[in-house]
Amino acid sequence: MTSAAAVTAPRLTSGPLTPAQQRIITAAHGLFADHGISGTSLQMIADAIGVTKAAVYHQFKTKEEIVLATASAELRILEDAVTAAETEPSPDRGREVLLTQVVDIAVARRRRATLLQSDPVMVRLLAEHEPFRQLMDRVYSLLVGDADGDTRIQAAMLASAIGAAVVHPLVIDLDDDVLRAQLLSFVQRLLLVPHR
């Protein structure tokens, strides 16, 4: 994808959150992580920040909007990484930049990754959310370009491997720098990206 295409791609969110919205998102994220999205009510979110349920509704019309805003807050970092990779002069360099940043993001935010990857409500809402689908198209375009089925399967396995590896019980006690270096080495070998 060219940088011109990146400029026209829809952003995950329309603008910055207000302080009230940010408080709701922060509380919701913690509750979602503890109770799952289905197990978290709007009343629980309101109670967590000390406001009425009506005050939450004033900021977000539905719980789904809160869920998507929570995801968007996390995925904006990925979106910025994709945009940076799309400006690189060659596809190989763009892929290398993206992989490095994706690994950095996954390791730095590994404690939050489980919600995005495994909560069934989150997975469903993101699958239906057009800006998220377009972002993922940009990610896979950078990773594999116009690829055949085998390469797309390789990219899907890579994405799953990164997401699963950072939260796996076998690595949970590893230092972030050690995990980052090992994971980056693995993904470079998997996609045959030259080591630098």
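A short reminder: the numbers here are calculations on the coordinates, not readings from a lab. Since the structure is predicted, the reported quantities are computational estimates derived from the model, not experimental observations. All Cβ positions, glycine included, derive from the backbone under ideal geometry; neighbour counts span all protein chains shown.
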Seminar exercise, completed: Ordered by fewest other Cβ atoms within 10 Å, a rough proxy for footprinting exposure, TYR140, TYR57 read TYR57, TYR140
Problem set entry | Longest to shortest principal axis, alpha-carbon extents of segment 17-122, angstrom | 52, 25, 19
Problem set entry | Rough spin-label spacing in nm, given labels placed 7 Å along Cα→Cβ, for ASP137 and ASP176 | 3.4
Exercise. Got a sec? How would MET122, MET136 order by Cβ neighbour count within 10 Å, fewest to most?
Worked result: MET136, MET122
Problem set entry | Percent of C-alpha pairs per 10 Å bin, segment 13-190, short to long | 9, 34, 33, 18, 5, 0
Exercise. If each residue's Cβ is checked for other Cβ atoms within 10 Å, how do LEU184, LEU116, LEU135 rank with the fewest at the top?
Worked result: LEU116, LEU184, LEU135
Exercise. What percent does the relative contact order of segment 44-196 come to when contacts are Cα pairs within less than 8 Å and at least six residues apart?
Worked result: 24
Problem set entry | Relative contact order of segment 9-104, defined on C-alpha pairs under 8 angstrom at six or more residues apart (%) | 26
